[in-house]
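Engineer: Take a look at this one; I'll ask things after.
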Amino acid sequence: MSNVLSSILSAEFFFSIIRITSPILFATLGAVIVEKAGISNIGLEGIMMISALFGSLCAYWSSSWFVGLLAAMIVGVIVALIMSVFAFQLKTDIILVGIAINMIGSGGTIFLVKSITNMTEGEALSSTTSLITSELQIPTVQIPLIQNIPVIGPIISGHSLLTYLAFLLVFLTWVLLYKTSLGLNLRSVGENPNAASSVGVSVTRVRYTAMALSGLMAGLGGAFMSMSYAMGWSLNMVAGRGFIALAAQAMGSGEPFGAMLATIVFGFAQAFGIKLSSIGLDSNLSSPIPYIITIIGLVVFAIVKRKRDAKRVAAVGAKQRKEK
Amino acid sequence: MSKKASLRFSILRGFVAILISLFIASILIFISAEGGSFGEKLSSTGEALVYLIVRPILNGKGAFSVKSLTDILACMIPTIFTGLATCVMFSANQFNLGAEGGIMLGAFVSALVAIYVPMGTGIHMVVAVLAGAVSVAVMMLIPGILKAKLDVSEMVCSLMLNYVVMYAIKFMMNTYFADKTKGQVQSLPFEKTALVPQLINNGSKLTWGFILALIFVALTALFMYRTRWGYAIRMIGINRDFAKYSGMKVAAIIVASQVIGGVLAGLGGGVEMLGRNEFYSWSALPGYGWTGITIACIAGNNPILVPLAAFFIAYLDKGCNLMATYCGIPAQLIDIIQAVIFLFFAAEQFLSGYRQKLVVRSAQQELREKEGQK
Amino acid sequence: MAEYNSEYAVEMRHISKVYPNGVAANQDVDLCVRKGEIHALMGENGAGKSTLMKMLFGLEQPTSGEIIVNGEKVNLTSPTVAIAHGIGMVHQHFMLVPSLTVAENMVLGMVPKKNGVLIDYAKAVEITKEYSEKFNLEVDPDAKVMDIPVGMKQKVEILKALVRGAKILILDEPTAVLTTQETSELFKELVNLKKQGYTIIFISHKLNEIMQITDRLSVLRGGKFMGVRETKDVTPQEISRLMVGRDVVLTVEKDQAKPTDTVLSVRDLEYVNEYGKTMVNKLSFDVRKGEILGIAGVEGNGQKELVDILFQFATAGGGSVTVNGENILGLNQAQIREKGVALIPEDRMLYGIAGDASIEENLISDRCGKKELNSGLMFNMKKIHQMSKQLIEDYIILCKSAEQKVGMLSGGNIQKVVVAREFSSNPQLIIADQPTRGIDVGATEFIRKKLVELSRSGIAVLLISADLNEVMELSDSLIVMHGGRIAGYFEDASKLDDEMMGEYMLGLKRQSEEEIRRVCHE
């Protein structure tokens, strides 16, 4: 038991939480942005899969991780824009559009891998793992000074470039939402689209922009998956992270920092599961931990929210009575 | 616009959607087709398209074949069930995507009963399949109740449950139920008493499950359009506030719609497992749930149209497999075709310009008629 | 270009509009507005005024016809284009974002920036103040819109249009939500704007307002253009004839009410809304068998909350409600209906119907579980068809068949579907919340007659209406609500005059507690 505890409380464990949190955090921020504009993008999962694939392929073709990263971002945006055309132009229920993109993300990507690379190693083995070498992975960064601090150094320093970007983007997303005119438009469109359109804010354009941004975020998340988290793309590698991001968005009340905290909880759950299986637990028991935590998280969040609302109403009522 | 004109428009719209998806498929086939020059690629694309569109019901010699047809019909069995399950849940506006995990759970539980609970012929199969259905109904209580009581997204919840169910089954297979004498993870063989009997013994594995599926199509349609509960489900899907105001028990019906969806998915799992297999060996989600969603979407959530949509998808699926075998086009093309068809069927405004023209024309006609009467 | 008359700020020529659901909202409509005038656009609810204005503001596109602004033919594809042509619109339902401040709402879509990216909020406040002073429209730039009163919201709306360079202002029923004082204040502001050269299109169906401030008026009826007149040359009777098409005032004949036992009894009802404002304050009243009790009042004085509580869409903070002596607070809608309560909801599209379902399906929603419509587990389709056919006949619902989608019907026929269901549910108490809002004259008359008929057959009716004519004509007794309380109770509604009502509605007058207490028939 003490063995378990000590290995859990190691710096390496906390390091892994941050690493595991990063890809989900990208997707979560994507969810936060579109939800502010009043859209539920459940296609984040599929976008991550598709951009993870193209990221790793482009990195291979160009022999440059940077080109791969760029490609993943662009593909993410393109897919999100295609979704937008269906959702906003052809008035398709956004949830159904998301389901379709997820179908392409799971099965369609294998088709693409096979037909693009002419690999014929059988269905289950289809992946681009053989193509990605460690030079093509997104580089890690040792932060000077901080890396030498005991305990904290090994936890915070030495992550992938994208990990730092993910946490930086939490702040930038907040600035975007609350300090820029795009953010103002976005929130207006989410809250009262008629009000926005009546003053000439193009609701459609704002929604397209929000979707594109969420695609960009999911693209970054996908790139992280295939070019940092793992070596190359493989079947079902995103494994529900896009959906977990939706849950994190809800639990964070749709605010960037709140959603980040929720994401870290999921990161912890997954790191914990991995830790458990590394010390002998059947991986089929540890793997579902993040999914179970997601459900529990949503339930706890719903109960807390309900209590908070009831309390607020009660408090207001009490105040009213007092004033009389 | 009259009902007839509406119907005509719907059919035309579906037809165009299918054409578009086949066109996109052709482009993808062209990209991955063999051949050095443009012409070569074009001809091998043409060849592949023949496999996709015509060959599924033909035999090797190019003549119509009953075996090919029964192969397709056999493939429809699980997807009819998941399609029905999705129809019911989506009709209540519940985007529960748990049919995928549900069919796996149903198959697994049915398999356990088929192996470990000996019973007489016939009754064994019924009990096994029902056990599967009940287990999925219980599983769907989770997203159902959480949605009704706490407004937790049934979509996220059911998706997460799919993963949980998959890992739980894998764990139990590995730890308790694997036949250790075999190289791969598989269960002991089912008792013969539990197998779903074959309808035609030609190797297609077209079982009585197909008839059962059709019976459930009729039952589901009756349930949705001829009973108060199905009616309530549909009204809640159209306008939840209206249903509440009318005095319907909204929360209970939301739960019920998902439980019924679970029963249907579970039945599909059991029938498929005990009809097509002799032992349990699924180690990943089978994909029937997602296909069921496509089917429900093509069918417009109308149970009666589910077999038609399921046939269509099974036909294309077989076509894709033939292309994979004979033309080297990856079979997963079906996922892209499905997604594209799905998108265009779900797109409300698809061809809306044309529809608007029809509406204007018929409104003007009505006005003229009215003027004429005066 | 020369063929267009530049005396006009706006010319809309031969405008027709057919909506995707087949409704022809405008047919060959002409509207010409001179520069610098206040021009009234009149017509009953559903006459096509809003549609016409939506096209002028680029929210909808005409199916045919042309629009000319300041002598230039324009294609108004979006509000942005309309704004660029100097057209601004103040909508009936405010187009404001509640969680943003007044200043943020002011600059939405044209945000001043600093460093090229970030919002320059100080500048936004400055702009707001500048325009506020220039046009003498007083607002608080830093307040969140959700916290300011209705009158100020409207000022924000007008300022929003002005700050965007609007020279032509469309006001869609601006006085509907205002008190008398606020209305006269608004009129002063409008006259002021006119003096500064602004053109104003003023949508209303209140005659006295039109006569008071407009120069000319155009009238629509049933989507068609009925003519344009100089306001000073026209008589109210002529306008009424243009609008309604006949010279009858809508009166409903009714015998003296003979109320008997109390059905609905409300005592000390309280409700505090989510922002902590007391909306219903110690409300007590009774409704008896055989009478129509009307509730009059300016909207937002607790009527909506009262109805919500009665039908359990909101939870009361205190007090009691009984129907025939049995408590209904805390029951669900099915149980409340079981006690014999029927409701015509204020918002028929939101609660009253399922638009994508058929007429028949909408008619059975409250009774789908009843024995007479089922045989065993299944619906008895024959009985259901029979019943819906009967209701469609009895309530003269104009439709192709019972299978037609309700959403495709006109407003009046949709409301008849709601009314047919509610009235045929064998009720003891009917709560009619704005029963004729926004529907055509024929349907209005029909529903009013039915209400009277039902009350005379011994049903208790609680009528809530913002239409003064309606409450005064229909009610036997009447209460006026103000600030969540009863300001006055009038036992005989026929002895009331508008002026007196106005004073109670605006809270200028209030009866003594004893007088009000008479509404509880204990």
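The values are calculated or read from the model by the stated rules, or taken from the named source; none is laboratory data. Computed from a predicted structure; not experimentally measured. Ideal geometry is used to build each Cβ from the backbone, glycine not excepted, and the neighbour counts take in all protein chains shown. Heavy atoms of the whole protein, side chains included, go into the accessibility calculation; ligands, DNA and RNA do not. Shrake-Rupley method; radii C 1.70, N 1.55, O 1.52, S 1.80 Å.
Engineer: Would you check if C:Val191 is open to solvent by 10 Å² or more (accessible area, probe 1.4 Å), closer than 22 Å to C:Leu52 by Cα, modelled with pLDDT of 90 or more and among the β-branched types (Val, Ile, Thr)?
Structural biologist: no
Engineer: Considering the stretch C:61-108 alone, what residues qualify as being closer than 22 Å to C:Ala24 by Cα, away from every other protein chain (no Cβ under 12 Å) and surrounded by fewer than 19 Cβ atoms within 10 Å (Cβ to Cβ)?
Structural biologist: Answer for the stretch C:61-108, where residues must be closer than 22 Å to C:Ala24 by Cα, away from every other protein chain (no Cβ under 12 Å) and surrounded by fewer than 19 Cβ atoms within 10 Å (Cβ to Cβ): C:Gly65, C:Glu66, C:Asn75.
Engineer: Taking A:Ser84 as the residue in question, decide whether it is in contact (Cβ under 8 Å) with a residue 60 or more places away in the chain, more than 14 Å from chain B (Cβ to nearest Cβ) and under 28 Å from B:Phe30 (Cα atoms). Walk me through how you get there before you give the answer.
Structural biologist: Working: in contact (Cβ under 8 Å) with a residue 60 or more places away in the chain: yes; more than 14 Å from chain B (Cβ to nearest Cβ): no; under 28 Å from B:Phe30 (Cα atoms): yes.
Spelling it out, it is not the case that A:Ser84 is in contact (Cβ under 8 Å) with a residue 60 or more places away in the chain, more than 14 Å from chain B (Cβ to nearest Cβ) and under 28 Å from B:Phe30 (Cα atoms).
Engineer: Kindly establish whether A:Leu131 is assigned to a helix (DSSP H, G or I), in contact with a helix residue (DSSP H, G or I) (Cβ under 8 Å, 6 or more places away or on another chain) and of a type in the set (A, V, I, L, M, F, W, C).
Structural biologist: So A:Leu131 does not fit the description; no.
Engineer: Have a look at B:Phe311, B:Phe279 and point out the one that is touching a residue at least 60 places away in the same chain (Cβ under 8 Å), open to solvent by 50 Å² or more (accessible area, probe 1.4 Å), more than 27 Å from A:Gly98 (Cβ to Cβ) and not small (Gly, Ala, Ser).
Structural biologist: Result: B:Phe279 is the single residue among B:Phe311, B:Phe279 that is touching a residue at least 60 places away in the same chain (Cβ under 8 Å), open to solvent by 50 Å² or more (accessible area, probe 1.4 Å), more than 27 Å from A:Gly98 (Cβ to Cβ) and not small (Gly, Ala, Ser).
Engineer: If A:Leu213 satisfies all but one of (1) of a type outside the set (Val, Ile, Thr); (2) assigned to a helix (DSSP H, G or I); (3) at the interface with chain C (Cβ under 10 Å from one of its Cβ atoms); (4) open to solvent by 10 Å² or more (accessible area, probe 1.4 Å), what's the number of the condition it fails?
Structural biologist: So A:Leu213 meets the others, but not (3).
Here's the yes/no breakdown for (1) crowded, with 23+ Cβ neighbours inside 10 Å; (2) at pLDDT below 90:
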position	(1), (2)
C:Ile158	yes, no
C:Leu169	yes, no
C:Thr175	no, yes
C:Leu178	no, yes
C:Leu186	no, yes
C:Lys195	no, no
C:Tyr198	yes, no
C:His205	no, yes
C:Met211	no, yes
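Engineer: Find the residue count for the stretch B:139-165, including only residues that are at the interface with chain A (Cβ under 8 Å from one of its Cβ atoms) and in a helix (DSSP H, G or I).
Structural biologist: Taking the stretch B:139-165 as the starting set, the residues that turn out to be at the interface with chain A (Cβ under 8 Å from one of its Cβ atoms) are B:142, B:146, B:150-153, B:155-157, B:159-161, B:163-164.
If we keep only those that are in a helix (DSSP H, G or I) too, we end up with B:142, B:146, B:150, B:155-157, B:159-161, B:163-164.
Summing the residues that are at the interface with chain A (Cβ under 8 Å from one of its Cβ atoms) and in a helix (DSSP H, G or I) in the stretch B:139-165 gives 11.
Engineer: What are the residues in the stretch C:322-339 that are closer than 21 Å to C:Leu463 by Cβ and surrounded by fewer than 21 Cβ atoms within 10 Å (Cβ to Cβ), if any?
Structural biologist: Of everything in the stretch C:322-339, those that are closer than 21 Å to C:Leu463 by Cβ and surrounded by fewer than 21 Cβ atoms within 10 Å (Cβ to Cβ) turn out to be C:Thr322, C:Asn324, C:Lys339.
Engineer: Considering the stretch A:289-299 alone, what residues qualify as being surrounded by 15 or more Cβ atoms within 10 Å (Cβ to Cβ), more than 7 Å from every other protein chain (Cβ to nearest Cβ) and among the aliphatic types (A, V, I, L, M)?
Structural biologist: A:Ile289, A:Ile293, listed by residue number.
Engineer: Additional query: Of the residues A:Ser286, A:Ser198, which single one is farther than 25 Å from A:Ile99 by Cα and within 14 Å of chain B (Cβ to nearest Cβ)?
Structural biologist: After applying the criteria, what remains is A:Ser286.
Engineer: Just wondering, is there one or more residues in the stretch C:344-357 that are more than 7 Å from chain B (Cβ to nearest Cβ), at pLDDT 95 or above and open to solvent by less than 60 Å² (accessible area, probe 1.4 Å)?
Structural biologist: Yes, the stretch C:344-357 has at least one match.
Engineer: Can you pull out the residues in the stretch C:383-409 that are among the small types (Gly, Ala, Ser) and crowded, with 23+ Cβ neighbours inside 10 Å?
Structural biologist: Residue satisfying the conditions is C:Ser388 alone.
Engineer: Here are B:Gly319, B:Gly300: which of them is open to solvent by less than 20 Å² (accessible area, probe 1.4 Å), within 30 Å of B:Phe9 (Cα to Cα) and modelled with pLDDT under 95?
Structural biologist: Going through B:Gly319, B:Gly300 in turn, the sole match is B:Gly319.
Engineer: Could you grab me the full set of residues in the stretch C:138-154 that are part of a helix (DSSP H, G or I) and in contact with a Lys or Arg (Cβ under 8 Å, 6 or more places away or on another chain)?
Structural biologist: C:Val145
Engineer: When you scan the stretch A:57-107, how many residues do you find that are open to solvent by less than 40 Å² (accessible area, probe 1.4 Å) and not β-branched (Val, Ile, Thr)?
Structural biologist: Selection size over the stretch A:57-107: 23.
Engineer: While we're looking at this one, here's another question. Quick check on this structure: which one of B:Leu219, B:Leu214 is assigned by TED's automatic domain parsing to the domain that holds B:Met104, open to solvent by 50 Å² or more (accessible area, probe 1.4 Å), part of a helix (DSSP H, G or I) and under 25 Å from C:Lys382 (Cβ atoms)?
Structural biologist: B:Leu219
Engineer: For the stretch B:321-338, which residues satisfy the criterion of being in contact (Cβ under 8 Å) with a residue 60 or more places away in the chain, in a helix (DSSP H, G or I), over 17 Å from the mean Cα position of the chain (by Cα) and more than 7 Å from chain A (Cβ to nearest Cβ)?
Structural biologist: B:Leu322, B:Met323, B:Tyr326, B:Cys327
Engineer: For the stretch C:38-46, state whether one or more residues are open to solvent by less than 10 Å² (accessible area, probe 1.4 Å), of a type outside the set (Phe, Trp, Tyr), touching a Cys at 6+ places or on another chain (Cβ under 9 Å) and modelled with pLDDT of 90 or more.
Structural biologist: Scanning the stretch C:38-46, I find at least one residue that is open to solvent by less than 10 Å² (accessible area, probe 1.4 Å), of a type outside the set (Phe, Trp, Tyr), touching a Cys at 6+ places or on another chain (Cβ under 9 Å) and modelled with pLDDT of 90 or more, so the answer is yes.
Engineer: Let me ask something else about it. Six or more apart or on different chains, Cβ atoms under 8 Å: show the pairs whose first residue is in the stretch C:112-137 and in a helix (DSSP H, G or I) and whose second is exposed (fewer than 14 other Cβ atoms within 10 Å of the Cβ).
Structural biologist: C:Lys123/C:Lys114; C:Val125/C:Asp142; C:Ser132/C:Glu138
Engineer: Please work out which one of (1) outside any helix (DSSP H, G or I); (2) more than 9 Å from chain A (Cβ to nearest Cβ) is the condition B:Phe350 fails and give its number.
Structural biologist: All conditions are met except number (2).
Engineer: Tally up the residues in the stretch C:251-266 that are open to solvent by 90 Å² or more (accessible area, probe 1.4 Å) and either modelled with pLDDT of 90 or more or aliphatic (A, V, I, L, M) (or both), please. Talk me through it step by step, then tell me what you get.
Structural biologist: In the first step, residues of the stretch C:251-266 are kept if they are open to solvent by 90 Å² or more (accessible area, probe 1.4 Å); the result is C:253, C:255-256, C:258, C:261.
When the remaining residues are screened for being either modelled with pLDDT of 90 or more or aliphatic (A, V, I, L, M) (or both), the result is C:261.
The total comes to 1.
Engineer: Look through C:Ile336, C:Ile384 and report the one residue that is assigned to a helix (DSSP H, G or I) and either closer than 24 Å to C:Gln434 by Cα or within 24 Å of the chain's Cα centre (by Cα) (or both).
Structural biologist: After applying the criteria, what remains is C:Ile336.
Engineer: In the stretch B:176-211, how many are open to solvent by less than 70 Å² (accessible area, probe 1.4 Å) and on the phi > 0 side of the Ramachandran plot?
Structural biologist: The number of residues fulfilling the criteria is 1.
Engineer: Follow-up question, since we're still on this one. Given (1) of a type in the set (A, V, I, L, M); (2) part of a loop (DSSP other than H, G, I, E, B); (3) within 14 Å of another protein chain (Cβ to nearest Cβ), identify the lone condition not met by B:Met119.
Structural biologist: Unmet condition: (3).
Engineer: Test C:Tyr131 against the criterion of being aromatic (Phe, Trp, Tyr), modelled with pLDDT of 90 or more and in contact with a helix residue (DSSP H, G or I) (Cβ under 6 Å, 6 or more places away or on another chain), and give yes or no.
Structural biologist: yes
Engineer: Right, next: If I go through the stretch C:462-486 residue by residue, how many of them are within 11 Å of C:Ile295 (Cβ to Cβ) and more than 19 Å from the chain's Cα centre (by Cα)?
Structural biologist: 5
Engineer: Among the residues of the stretch C:303-319 satisfying the criterion of being open to solvent by less than 50 Å² (accessible area, probe 1.4 Å) and of a type in the set (Gly, Ala, Ser), which is farthest from C:Glu522 (Cα to Cα)?
Structural biologist: Going through the qualifying residues, I end up with C:Ala314.
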